[in-house]
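One structure is given below, encoded as structure tokens.
Every read-out reported here was derived from the displayed coordinates using simple, explicitly stated rules and does not represent laboratory data. Because the structure is predicted, anything quoted here is derived from the model rather than measured. FYI the Cβ positions are ideal-geometry reconstructions off the backbone, even for glycines, and counts take in every protein chain you see.
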Amino acid sequence: MPTAPTPAGAAPEAAPAPALALEDLSWSVGGAVIVDGVTLAARDGEFVAVIGPNGAGKTSLFNLVSGLTRPTRGRVLLGGADVTRERPHRRTRRGLGRTFQTSSVFGDLTAEENVGLAAQARSGESHRFWRRASSAAGPQTAEVLELVRLSHRRGAEATGLSHGDKRKLELALLLARDPELILLDEPMAGVSAGEVGELTDVIRAVQRERECTVLMVEHHMEVLLELADRLAVMHHGALLAFADPETAMADPQVQAAYLGESL
Ligand SMILES: Nc1ncnc2c1ncn2[C@@H]1O[C@H](COP(=O)(O)OP(=O)(O)OP(=O)(O)O)[C@@H](O)[C@H]1O
Ligand SMILES: [Mg+2]
């Protein structure tokens, strides 16, 4: 994400712009307020977990950040740039990535071919797909597959992968585009209990290696507590708390809101 250049030798007085800043972000549809005045800033390289019960507005918030929907009020800033009115592909070019839905994985292609295609799309060479198809699996593809621990499955058709491995492949497709800010919406959904630990390790490794900023919606509390620097707790579209996990969970408002409800 572009940040203001610092003149050589200048004192580092101004803090760098946050990777992501939301200002009074709101979205209403049909008279219902779905996202209600959310203000938060994620630091560069920070891992923020977005939590809240079903229907709290987490996915709607991600749609506003990625540009799939336009807010009725407020602003979205990426690296200090106001992108509120930018279309999703422009935000992608700025380094925003969102996990692909399973449908955007080509089931008949191998894991390696899927990643190769995503890498080509990133470098703007998709129109050269046919000519370059034979070299789709460049070093970047191998590196990305290694990072998500899918190297051993590189030749497997995507359709034959386990749920956990499909999630890793979706992550690999995202990484092939070299994002700086990634939004993961329930990456553990549909993944067997036995695969959750490994996927957690992969997500942590990805964030550390790529030094990217992550926003992740997740319901597995043990995963959140292991990965998150801060929790953003949503309830009825509003942000109830935004703090380190211990502080957020101890917040009386959070406790009251979740009494009897699972996160
Ligand atoms: N396009 C839409 N039109 C009308 N209502 C919508 C629309 N999108 C979402 N909603 C409503 O907004 C609320 C928040 O939905 P959202 O999907 O953002 O919640 P969520 O926190 O992601 O929930 P979950 O944990 O189930 O994924 C829900 O009540 C949902 O029905
Ligand atoms: Mg959701």
So, with points 7 Å from each Cα along the Cβ direction, the GLU222-ARG204 label distance in nm works out to 1.3
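Net charge near ALA142: determine it from the other residues with C-beta under 9 Å of the C-beta of ALA142, scoring Lys and Arg +1 and Asp and Glu -1. Can you show the working numbers first?
Details: positive: ARG154; negative: GLU112, GLU143, GLU146.
Residues near ALA142 contribute -2 overall.
Which order do peptides 49-55, 65-71 fall in by mean Cβ count within 10 Å, highest first? Mind showing how you got there, number by number?
Working: 49-55: 20.3, 65-71: 18.3.
Averaged packing, sorted descending, gives the order 49-55, 65-71.
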Output row, site GLN255, 7 Å Cα→C-beta label point, backbone N cut-off 20 Å, window region 43-81, residues 51-53
Taking R0 as 35 Å, what's the FRET efficiency between ALA243 and LEU68 from their Cβ-Cβ distance, rounded to 0.05? 0.80
Using r as the Cβ-Cβ distance of ALA189 and ALA32, and R0 as 22 Å, what FRET efficiency do you calculate, to the nearest 0.05? 0.35
Quick one: if you stick a label point 7 Å off each Cα along the C-beta vector at ASP82 and HIS236, how many nm between them? 3.1
